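No value in this document is a laboratory result; all are computed from the given coordinates. Please read all numbers here as calculations on a predicted model, not as lab measurements. Counting neighbours? That spans all protein chains shown, and the Cβs are built from the backbone with ideal geometry, glycine included.
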Amino acid sequence: MIDIHLSDEHKDLLNDLYLRTRKTLDDLPYTEEFERLHSSFLNRTGLNLDRHALWLAIVGIRKSGRLVRKKRKPTDPIENDLNVSK
């Protein structure tokens, strides 16, 4: 596994950029939102991380407990029906 070493400032920026996305971490790969996050991170830091390395960095930040966990929003009509209070 690739070991990504980012400064605390870079980790904070990555967390901030992630919070601006609407998707949970598991839903983020291969989306336009991930592409925007990747581009923004590279533009702001000047680092040269490929998408895979950036993904591993985000996962590492989550495993360390520094990444805010988002709750999934139900998209399935059945799930919506199950979550409705009666």
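Miscellaneous remarks
- Listed residues Ser64, Ser39, His10: farthest to the positive end of the dipole of segment 1-66 (Cβ charges): Ser64
- When you filter the chymotrypsin sites (Phe, Trp or Tyr not before Pro) in segment 10-79 for DSSP loop state and at most 16 other Cβ atoms inside 10 Å of their Cβ, you are left with Tyr30.
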